[in-house]
Amino acid sequence: MHLLRQPEEKIKAFSNALLNARTKVGQCKKCFHLTAEIECEICLNPKRDKSLLCVVADSRDLIALERTREYKGLYHVLGGLISPMDGIGPELLNISALVQRVSNESTAEVILALTPSVEGDTTSLYIARLLKVFVKVTRIAYGLPVGSELEYADEVTLTRAIEGRREVE
């Protein structure tokens, strides 16, 4: 209703901005986060700790973790979670790129920051088994309610979850 009451010029500018974003925004070639460049600003930032790699399901989760201002490492966006019921297997996610990245870079720890759900647990276990031969694998603490989404968690809860992470066995 709000948009219908706006002047036509504002609606045109808004629609052009949406189309512009749709055509110019893509994925970072390294971490798969949203960006208008070849690599995102996080991957290009020399001040980030390149020995830490936080794995998230999508860019909304990455943005939620960035809001805490506590995590200083790099990210890897999977593009979803393993969900056989929805026809989403590991081959449809950015998991092979993650394994290649970890095996080729000087990563010391991979932090799995996936939603505490059946799909998140399945994906975490799958990734942990693949990466344990290369690197220490931890998972954020269960400070988040089971079934909740990372993007809706507050900064304090996310900070405590990162600080309370533990190694996946």
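The values are calculated or read from the model by the stated rules, or taken from the named source; none is laboratory data. Quick caveat, the model's predicted, so the values are computed rather than measured. Here Cβ is always computed from backbone atoms with ideal geometry, including for glycine, and neighbour counts include all displayed protein chains.
Listed values, structure above:
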item: Members of region 129-141 that are within 14 Å of Cys54 (Cβ to Cβ) and either crowded, with 16+ Cβ neighbours inside 10 Å or modelled with pLDDT under 95 (or both); result: Leu131, Val135, Val137, Thr138, Arg139, Ile140, Ala141
item: Selection from region 1-26 of residues that are within 25 Å of Ile38 (Cα to Cα) and either of a type in the set (S, T, N, Q) or touching a Ser or Thr at 6+ places or on another chain (Cβ under 8 Å) (or both); result: Ser15, Asn16, Asn20, Thr23, Val25, Gly26
item: Filter result for Ser15 (over 14 Å from the mean Cα position of the chain (by Cα) and under 29 Å from Tyr126 (Cβ atoms)); result: no
item: Tally, over region 106-131, of residues that are without any contact (Cβ under 8 Å) to a residue 40 or more places away in the chain and among the polar types (S, T, N, Q); result: 1
item: Residue match in region 117-128 (condition: in contact with a Ser or Thr (Cβ under 6 Å, 6 or more places away or on another chain) and buried (at least 21 other Cβ atoms within 10 Å of the Cβ)); result: no
item: Of all residues making up region 97-132, the number that are part of a helix (DSSP H, G or I), touching a strand residue (DSSP E or B) at 6+ places or on another chain (Cβ under 9 Å) and small (Gly, Ala, Ser); result: 4
item: Residue in region 40-68 that is farthest from Ala113 (Cα to Cα), counting only those that are in contact (Cβ under 8 Å) with a residue 24 or more places away in the chain and part of a loop (DSSP other than H, G, I, E, B); result: Lys47
item: Restricting region 31-67 to residues that are over 19 Å from Ala21 (Cα atoms) and acidic (Asp, Glu), the residue that is surrounded by the fewest Cβ atoms within 10 Å (Cβ to Cβ); result: Asp49
